[in-house]
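First up is the structure itself, then whatever we jot down about it.
The values are calculated or read from the model by the stated rules, or taken from the named source; none is laboratory data. Every value quoted in this text rests on a predicted model; they were computed, and no experiment measured them. For neighbour counting, all protein chains shown are included, and Cβ atoms are generated from backbone atoms with ideal geometry for every residue, glycine included.
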Amino acid sequence: MVSAFMVTFSTKCNLIIICTIPGLITMATQYKTITVTPLGHFVGAEVSGVDIAEGLSEQQFLEVRQAFVTHGVIFIRNQNITPDQHISFSERWGEISVNRFFQAVESHPVIAEVRKEAHQTSNIGSSWHTDHSYDQLPAMGSILYARTVPKLGGDTLFSSMYAAYEHLSDGMKNTLHRMRAEHSSRHAFSEAAYVGVGDVEGRLSNAAEATQDAVHPVIIKHPLSGKPALYVNGEFTVKFEGWSKEESQPLLDYLYSHAYKKEFTCRFKWTQGSVAIWDNRATQHCALNDYDGEQRLMHRITISGECLEPSSSELKCG
Ligand code: SIN
């Protein structure tokens, strides 16, 4: 179980959440304008009572944000939003961080397309990752809107990096607290990664711009909750700082097999018009590719983040 972080009481109409974060404030939140239904034990909740096209009141937005902080990823179904409404809603969360590699929506270049056509076989985002960890200031969150979904399949899995951290042994935690890891866009978005490999060419581009590298603590202090979270991912982490790749890989492999344990995950079954808002520092995700012969089209906006502080005072940010 994840320490004494969260106690949840469910009443017929409201969800009352009491969060006790060691070293931080004690918050008690009662949702008055939305309904929040947890989807997994450690991560994910469905939120209802919100119409993004109509706009959220200040109170509603605060409650939605609280649900996001508490659950790591939230899902809002049955939305009907234009690209402009997607952008305005995203701007309430922070500045938009434009993705440099995904094909953009032609009329709205800040929106990235996550697209797979019926004749294509490869999908985007099929291995576990967190968005933009190759950036020095990695993305805070992402807001994904489902425009076309297959009749069956194309679900997305999310895993809690708080749960992953909590369930490591004290010995492993102590070791990782002193470590940093290198992340890169080079191997993921350079020509070698996808030209002639599968069929994502055309959906991914700007290979020459895949030059971002960044170093982040392996255990971060989450900027919103203050809790420790594991911050290495299978897609973009290259190695531990000061270690060779050969030395790093066995420990990284262990951490991935641990972090993506089913117990720490939830699975979201999309319907057209669903919106997911996830925290890239508290969760990782992967998109299942089990719907050949059907189209799936999602619009994604990524929200800028900040330098990630280590959870241990022995390390510095960056
Ligand atoms: C992504 O990795 O950002 C896309 C996830 C999805 O398509 O479900």
If we ask which residues in region 277-296 are crowded, with 23+ Cβ neighbours inside 10 Å, among the hydrophobic types (A, V, I, L, M, F, W, C) and within 11 Å of the ligand (Cβ to nearest atom), their number turns out to be 1
Those residues of region 251-271 that are part of a loop (DSSP other than H, G, I, E, B) and within 16 Å of the ligand (Cβ to nearest atom) come to a total of 4
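Which residue is nearest to the ligand (Cβ to nearest atom), if the candidates are limited to region 134-173 and must be over 18 Å from the mean Cα position of the chain (by Cα), part of a loop (DSSP other than H, G, I, E, B) and within 26 Å of N78 (Cα to Cα)? Give the steps one after another, and end with the answer.
The first filter runs over region 134-173 and keeps only residues over 18 Å from the mean Cα position of the chain (by Cα), leaving 147-153, 166-173.
Next cut, part of a loop (DSSP other than H, G, I, E, B) only: 149-153, 167-169.
Filter once more, so that each one left must be within 26 Å of N78 (Cα to Cα): 149-153.
On the way: V149: 10, P150: 12, K151: 16, L152: 15, G153: 11 Å.
By that ranking, first place goes to V149.
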**Item:** Meets criteria (over 22 Å from A163 (Cα atoms), away from the ligand (no atom under 16 Å from the Cβ), not basic (K, R) and not in a strand (DSSP E or B)) for E247
**Value:** yes
Given the conditions (1) surrounded by 13 or more Cβ atoms within 10 Å (Cβ to Cβ); (2) more than 18 Å from S142 (Cβ to Cβ), every one holds for D253 apart from (1)
Does N206 count as at positive phi and of a type outside the set (V, I, T)? yes
Being small (G, A, S), closer than 19 Å to M172 by Cβ, in a strand (DSSP E or B) and modelled with pLDDT of 95 or more narrows A229, A276, A214 down to just A229
Exception for I16 within (1) over 25 Å from M298 (Cα atoms); (2) part of a strand (DSSP E or B); (3) at pLDDT 95 or above; (4) not acidic (D, E) falls at (3)
Within region 174-196, the residues that are out of contact with any helix residue (DSSP H, G or I) (no Cβ under 7 Å at 6 or more places or on another chain) and assigned to a helix (DSSP H, G or I) are N174, T175, L176, H177, R186, A188, A192, Y194
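Residue by residue, here is whether (1) at pLDDT below 95; (2) more than 30 Å from S205 (Cβ to Cβ) holds:
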residue	(1), (2)
T33	no, yes
E58	no, yes
I74	no, yes
E95	no, no
N99	yes, no
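Condition check ((1) in contact with a helix residue (DSSP H, G or I) (Cβ under 6 Å, 6 or more places away or on another chain); (2) loosely packed, with under 15 Cβ neighbours inside 10 Å) across all residues:
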site: Y31; (1), (2): yes, no
site: E46; (1), (2): no, no
site: A53; (1), (2): yes, yes
site: Q66; (1), (2): no, no
query: Does at least one position in region 62-71 carry a residue that is in contact (Cβ under 8 Å) with a residue 24 or more places away in the chain, within 15 Å of the ligand (Cβ to nearest atom) and of a type in the set (G, A, S)?
result: no
